[in-house]
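Working notes, structure below.
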């Protein structure tokens, strides 16, 4: 399960979560993150080249803290938004869940896409929705203005903290509770 439900790694926060859950090695995670950032830079470069009018009008798609919000709120939005995304990826791609619910034909991209949609609805007004450090980084590199870099750390720290929280919750709290419940179920004598 080293590949996300969409068939590839496109988000360093999700890759970091998978690394923490021991589903991706450190070397592979670092290489994925480098490739993700390079891909984002190339992608934004293409957008700028082919759609310069929209690109300039929309600030290059770069993330920033919106007027009326502070960095604490923005950081919290990024943490919570990324937690929702990474937790959904873990839940939707969990092989134990797939085996248990094999009679229900659920495709993992559907809940992941819905989670991304909901997170965007909640966080676009606050940060423009980062939740993907590579996408935020690519836009910042190509747009390259001082305001974009002022709070750029939020779009790395928030997603990585959110991914850490989601990995810890899924791997160590939910799985531990399930194992404990299964153990107590097995130790109860049946009549």
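Counting only helices (runs of 4 or more DSSP H) that sit wholly inside region 1-80, those with at least 1 residues that are surrounded by fewer than 18 Cβ atoms within 10 Å (Cβ to Cβ) and in contact (Cβ under 8 Å) with a residue 12 or more places away in the chain are 26-50. Inclusion of residue 88 among residues that are more than 30 Å from residue 52 (Cα to Cα), surrounded by 19 or more Cβ atoms within 10 Å (Cβ to Cβ) and at pLDDT 85 or above is warranted.
The values are calculated or read from the model by the stated rules, or taken from the named source; none is laboratory data. Owing to the predicted nature of the structure, the values given are computational and were not obtained by experimental measurement. Every residue, glycine among them, receives a Cβ derived from its backbone with ideal geometry; neighbour counts consider all protein chains shown.
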